[in-house]
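So the structure is just underneath, and the comments pick up after that.
The values are calculated or read from the model by the stated rules, or taken from the named source; none is laboratory data. The structure displayed is predicted, hence computed values, not measured ones. Here the Cβ positions follow ideal geometry from the backbone for every residue, glycine too, while neighbour counts run over all protein chains shown. With ligands, DNA and RNA removed, areas are computed over all heavy atoms of the protein, side chains included. Shrake-Rupley method; radii C 1.70, N 1.55, O 1.52, S 1.80 Å.
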Amino acid sequence: MRGRCGGPFFVKGGPVFPPLIRPSGPPSPARGEGRNYRADSRARLGDHRPMPRPARLILDRAPSPLGELLIVTDETGLLRAIDFHDFEPRLRWLARRYYGDLALETGPAPAAVKAAFARYFAGDLAALASLDWATNGTPFQQAVWRALGAIPTGQTITYSELARRADRPAAIRAAGAANGANPLSLVVPCHRVIGTHGALTGYAGGIERKRWLLTHEGAL
């Protein structure tokens, strides 16, 4: 099994989407909602605080050199999910799994959120670190995403190194699955994880997008 960043992973018989990310504590009474965690302003996953279930999920779109971005925020302006336009069915599927009957509404994302993506694609590689966001995650998934957030721009690591940095060096497959359950590609930079021998594997947005991102960041 190889986890795909922000996408399905593969088992014998074909691809499957990652399961609902479940919290480690008691389930929330709100249907479809796990515990939410907000990253600090540097998006390093270093300071998680429980977040209430959002009242609204707002879907906006923004241009990028890699195709239209789908940006999901909540009523407070927190980023909830990122995907590319050709994966909209997957984004809507994940929204149902995470938030039950809370429908995606069409509306504007905060100007600062859209501006951060525009600056990143224009060459300001630190721009996405300014974004606050919230998502679900088990302790292990949070550890993997914290490790992803700590990969410096312009560098890459392997899946085995990702597992080691999440303090589970033998859990390479599980680290790949957690990588694939990341709903915030670009912001939590799972594109910086590559195969053991440098192969550009495991990116749901497509290998060419992964190659473009790593070239843009100076890793290739």
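With every protein chain kept in place and ligands, DNA and RNA left out, what is the accessible area per residue of the stretch 120-220? Probe 1.4 Å, answer in Å².
Working: 3720 Å² over 101 residues.
Accessible surface, normalised per residue, equals 37 Å².
Does the stretch 120-176 classify as rounded, prolate or oblate by the C-alpha gyration tensor (a ≥ b ≥ c root eigenvalues; a/c under 1.5 gives rounded; else a/b over b/c gives prolate, otherwise oblate)? Oblate. Potential lengthening of the chain between A199 and A126 amounts to 23.8 nm, from the contour at 0.36 nm per residue minus the alpha-carbon distance.
Which percent of the accessible heavy-atom area of the stretch 44-177 goes to carbon and sulfur, probe 1.4 angstrom? Carbon with sulfur: 55 percent of the solvent-accessible area.
When both the stretch 129-150 and the stretch 159-220 are represented by their alpha-carbon centers, they are found 14 Å apart. With the simple model of a label 7 Å out from the Cα in the direction of the Cβ, R97 to R119 spans 3.3 nm.
If you sort the three axes of the alpha carbon gyration tensor as a ≥ b ≥ c, you get a/c of 1.5 or more for the stretch 85-155 and a/b no higher than b/c, which makes it oblate.
A convex hull fitted to the Cα coordinates of the stretch 40-186 yields 114 cubic angstrom per residue. Summarising the label geometry, the points placed 7 Å from Cα in the beta-carbon direction at T138 and A111 lie 4.3 nm from one another.
Multiplying the sequence separation of T76 and T153 by 0.36 nm and subtracting their Cα-Cα distance, what value in nm do you get?
24.9 nm
Residues H197, H191 ordered from highest to lowest accessible area at a 1.4 Å probe: H197, H191.
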